[in-house]
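Notes to accompany the following structure.
Read the figures in this text as sums done on the coordinates, not as results from a lab. All values derive from a computational prediction rather than experimental measurement. Here the Cβ positions follow ideal geometry from the backbone for every residue, glycine too, while neighbour counts run over all protein chains shown.
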Amino acid sequence: MHLAFISLFLYFERCIMTKKNRRSYRFRIYPNPSQKELIEKTLGCCRQVYNDFLSMCIESYKADKNYSIKKYDLVKLLPEYKETFPYLKEVDSNALQQAVIHLFNAYMNFFRRNAEFPRFKKKKNDYGYMTTKINNSIRFIEDDIQIPKLGRVKVKAHRHLPESFKFTMVSVSRKGKYYYVSLMGEEEYFDYAEYIKESLDPNNSIGLDFSLAHLFVDSNGNHLDMPTYYQDSLTRLAKEQRKLSRMKKDSSHYKKQLLRVRNLHEHIANQRKDFLHKVSRKLANTYDYVFVENLDLKEMSERKDKLKLGISIFDLGYWTFLNYLSYKLEWLNKKLIKVDRYFPSSQICSSCTYRKTDLTLNQRNWVCPICGSKHDRDLNAAINIKKEGIRIILNPSK
């Protein structure tokens, strides 16, 4: 009886502590020529449906500004619309429905003042379509994935899906010459936050100071040299883009060269993402707290002073790095704490708290006139960011 009560208690406790987190898993797929052709057809059909239905919405609004468009009224127009264009029946019907639903959401978001007015889709920007999983229509079969209309497509399953992950939406996308499938759904996880909240150790933490010479300098005195993938590829990229500019637009050679340029951009982006994923994973696994400055990188990149930061900031991918680090820490119930951007981390002596108010941007090293400590600007800032972050944790009201 006692054991049964304990089991029942643990069951209800788990039900209470179990939460769902929205997740997506992306895998690269290798469609054969006929499957590639069908993917391109589906992209074109979804683009046509989106644009034509957007035109319908605009005309309806011009005719009656008080007319309220409903989502399912738009979806009900699809069967009649497909009779007008019979080739639409060759592609996945769910993909066409999702195109209409995305249009409706974009259209209504404009009137809710949440977004700009939806634009007509262009062929050169058409990279993916979405479909739904119905009655196990999308599933893994050995080294393939079953996708409606496409059939079995070879997939590179570089990781296993958790048993608790249940997906309902699937996106098939193309970037350059690469094709991907993204599974979107919810994953159950046991929320240990209440249990480990007190066990998180503020001393097992690290402060990171953004550095243009590196990606960041940490409070332990280490710095991470971020490979400048974009700048290293500028010569090759400029050469390929010059070739593209000399070709007749929309010719077969133009389209092939445009694909080469896109492939190069995709390669650079993948290099940067791979590096940042590995760095953020290492930090998330090692520390309970990570402290950073809440910087406005866009404003820094647009500065017209002597720094001339420009593309250098975006080539580092610091914002992307913080995004990766944030959700990886969240998955582990750890914390990313952002210190106020106006906190004078570089001016304060990390030894005696003296503040050097006349410190200029080009001074990379300075000596404290009070205690005589020699400071590297970035290392000193990282140490102060860590101290301020710990203060925020221990005394959040101050």
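Once the C-beta distance of Lys20 and His214 is scaled by a Förster radius of 35 Å, the resulting FRET efficiency is 0.35 to the nearest 0.05. With neighbour counts taken as other beta-carbon atoms within 10 Å, the residues Asp232, Asp218 rank, fewest first, as Asp232, Asp218.
Once the GluC sites (Glu not before Pro) in DSSP loops with at most 16 neighbouring Cβ atoms within 10 Å are cut out of the chain, the longest remaining piece is 1-115.
Expressed to the nearest 5 percent, the antiparallel share of DSSP beta bridges inside the range 197-394 is 55 percent.
Looking at the chain, which longest stretch skips every one of the chymotrypsin sites (Phe, Trp or Tyr not before Pro) that is in a DSSP loop with at most 16 other Cβ atoms within 10 Å, leaving the sites themselves out? Of all site-free stretches, the longest is 193-341. Computed over the chain, the percent of Cα pairs more than 26 Å apart is 68.
Evaluating 6.51 cos²θ - 1.76 cosθ + 1.60 at θ = phi - 60° for every residue in the range 104-109, the Karplus couplings come out as 4, 4, 5, 5, 6, 4 Hz, glycine and proline recorded as x.
Determine the calculated [θ] at 222 nm for the chain from helices alone, applying -39500 (n - 2.57) to every DSSP H run no shorter than 4 residues and normalising by the residue count; nearest 500 deg cm²/dmol.
The per-residue figure over the chain is -14500 deg cm²/dmol.
Sorted into 10 angstrom bins from 0, the C-alpha pair distances of the range 197-394 split as 8, 29, 30, 19, 9, 5, 1, 0 percent. Using θ = phi - 60° in the Karplus curve 6.51 cos²θ - 1.76 cosθ + 1.60, the 3J(HN,Hα) couplings for the range 156-172 round to 9, 7, 7, 8, 8, 7, x, 4, 7, 7, 10, 10, 10, 10, 9, 10, 10 Hz; x is entered for Gly and Pro. Taking amide H as placed 1.01 Å from N in the peptide plane, Ser219 has its amide H under 5 Å from the amide H of Gly207, each at least 5 places away in sequence or on another chain.
Rounded to the nearest whole Hz, the Karplus-based 3J(HN,Hα) values (6.51 cos²θ - 1.76 cosθ + 1.60, θ = phi - 60°) of the range 79-85 follow the sequence x, 5, 5, 5, 5, 6, 10, with x at glycine and proline. Build a GNM of the chain with springs between Cα atoms under 10 Å apart, and of Asp296, Asp340, Asp64 the one that fluctuates most is Asp64.
Taking Cα atoms, how many degrees apart are the long axis of helix 377-394 and the longest axis of the chain, rounded to 10 and kept between 0 and 90? Long axis of 377-394 versus the principal axis of the chain: about 80 degrees. Dipole magnitude for the range 199-248: about 920 debye, using +1 per Lys or Arg Cβ and -1 per Asp or Glu Cβ, origin at the Cα centre.
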